[in-house]
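Here's the structure we're looking at; comments come further down.
The values are calculated or read from the model by the stated rules, or taken from the named source; none is laboratory data. Quick caveat: nothing in here was measured; it's all calculated off a predicted structure. Cβ placement follows ideal geometry from the backbone for every residue including glycine, while neighbour counts extend to all protein chains displayed. Keep in mind that these areas ignore ligands, DNA and RNA; they rest on the heavy atoms of the full protein, side chains included. Shrake-Rupley method; radii C 1.70, N 1.55, O 1.52, S 1.80 Å.
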Amino acid sequence: MKAIILAGGRGKRLRPITDYVPKPLVPLKNIPIIEWQIKYLKKFGIDEIIICTGYKQETIENHLNVKKIGMKINFSVEKSPLGTGGAIKKAGKMINEKSFFVINGDTITNIDLNKLKKKSNAIASIELRTNFGILETDDGKITKFREKKEISDSWMNAGIYHLEKEILKDLPSKGDIEKTVFPDYAKKGKLNTVKFKNVKWYSIDSFKDMEECSLEVEKIIK
């Protein structure tokens, strides 16, 4: 199978690092995010990836071209930002298979892609997580403190999709899949999810995310 990595963003929340280095090359344990992602995808038999690039795309290409990745890599370059939907639509022209995976370029996880693959047009979902302490109360009194806890039965988009090729025709040339096709498919009952509990998942959006993920990344992606 093939996978698309959405790696065209500017990573503004990681400035000033991303003023000089594109977000996919931001290091975790001295290894760029995108190399961790490639290692993750290889574990599930992905033999070819398409990387959607825009900001500092030549830097990403040059880096990967000198690495022995052990996987076929193609690039889908955006001259101007297309949004996630437009990026997938453009990259999808290189896909002949019936279905493919998509992963956000800042996601580090151990979600099982073999389970996600069992459903078509499916979003991997994980329990909603909070960065704040949670109070358990009873009759106006605090009974317990819980720190940074998953919130049961509230599910969030993990930024990993298994999509059928036929979805490409419905994608906008410019715009986000999360704001266009996904809501439309959901209304029509054409969008699925696979729920994952007790998995490791990081979206690298801040220096704190970098720091916390760096402590675990070698265990997450073995």
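Of the strands (runs of 3 or more DSSP E) lying entirely inside the range 127-217, those containing at least 1 residues that are in contact with an Asp or Glu (Cβ under 9 Å, 6 or more places away or on another chain) and without any contact (Cβ under 8 Å) to a residue 40 or more places away in the chain span 134-138, 141-146, 150-164.
Here GLY70 clears all of (1) more than 17 Å from GLY159 (Cα to Cα); (2) surrounded by 14 or more Cβ atoms within 10 Å (Cβ to Cβ) except the condition numbered (2).
Could you go through the range 160-176 and let me know if any residue there is farther than 30 Å from GLU218 by Cα, open to solvent by less than 40 Å² (accessible area, probe 1.4 Å) and of a type in the set (Gly, Ala, Ser). Looking through the range 160-176, at least one residue is farther than 30 Å from GLU218 by Cα, open to solvent by less than 40 Å² (accessible area, probe 1.4 Å) and of a type in the set (Gly, Ala, Ser). The residue pairs whose first member lies in the range 46-62 and is on the phi < 0 side of the Ramachandran plot, whose second member is part of a loop (DSSP other than H, G, I, E, B) and open to solvent by 40 Å² or more (accessible area, probe 1.4 Å), and whose beta carbons are closer than 7 Å, counting only pairs six or more residues apart or on different chains, are ILE46/MET1; GLY54/PRO81; TYR55/GLY9; TYR55/ARG10. Could we say that TYR185 is more than 15 Å from the chain's Cα centre (by Cα) and open to solvent by less than 60 Å² (accessible area, probe 1.4 Å) here? In short, yes.
One residue stands out among those in the range 1-42 that are touching a Pro at 6+ places or on another chain (Cβ under 9 Å) and in a strand (DSSP E or B): the one that is most open to solvent (accessible area, probe 1.4 Å), which is PRO32.
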